Amino acid sequence: MLDPSLKEAEGALVAANFAICVRRSQEALELSAKAALRRLAIEYPREHDVSEALEAAADRLPDDVRRQLEEIKALSAELARIRGPALYGYEAEGVPASEAFTRDYAARTLDRVKPIVNLLVRFASEP
């Protein structure tokens, strides 16, 4: 089953709404990482970048997640930084969100996020 945020990201990419594709990709990653932390009974931080919390829990994560941890942390940090611009654009520069991201960036972001979200959701959903 495809994560609802990823499904919205895919739809946004098809519709050429690249900012929403990036935003929904970020949300999917954030929420799946928080679900994985919750699975470990770790209270996740009330912020969008949970890379530090994942690093702190590294020894409790399954091997397949741990092997991807550096990519997960890097992607979480990157997408948390551009979360605002994906919704509001770069206001000081007068660049609306609709012009802030290219198709290539949105597609690469979605391609990087999808397998990680699926991995984290699978772990979070295990009994």
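Read-outs: derived from the displayed coordinates by stated rules, not from any lab. Treat the numbers as computed from the prediction; the structure is a model and nothing was measured. Neighbour counts are summed over all protein chains in view; Cβ atoms, including those assigned to glycine, are modelled from backbone coordinates with ideal geometry.
Taken together, the residues in region 82-127 that are crowded, with 18+ Cβ neighbours inside 10 Å and polar (S, T, N, Q) amount to 1.
Here residue 42 clears all of (1) assigned to a helix (DSSP H, G or I); (2) of a type in the set (A, V, I, L, M); (3) more than 17 Å from the chain's Cα centre (by Cα) except the condition numbered (1). Of the residues making up region 45-57, those that are buried (at least 22 other Cβ atoms within 10 Å of the Cβ) and either in a loop (DSSP other than H, G, I, E, B) or free of Cβ contacts under 8 Å to residues at least 12 places away in the same chain (or both) number 1. The C-beta contact set for region 100-127 (first residue under 17 Å from residue 7 (Cα atoms), second residue outside any helix (DSSP H, G or I) and of a type in the set (S, T, N, Q), distance under 7 angstrom, 6+ apart or interchain) comprises 116/68; 119/68. Each residue in region 1-36 was checked for being charged (D, E, K, R) and crowded, with 24+ Cβ neighbours inside 10 Å, and 2 of them qualify.
The one condition from (1) touching a Leu at 6+ places or on another chain (Cβ under 8 Å); (2) basic (Lys, Arg); (3) crowded, with 21+ Cβ neighbours inside 10 Å that residue 73 does not meet is (3). So if I check each of 117, 50, which one is of a type in the set (Val, Ile, Thr) and closer than 23 Å to residue 15 by Cβ? Residue meeting the stated conditions: 117.
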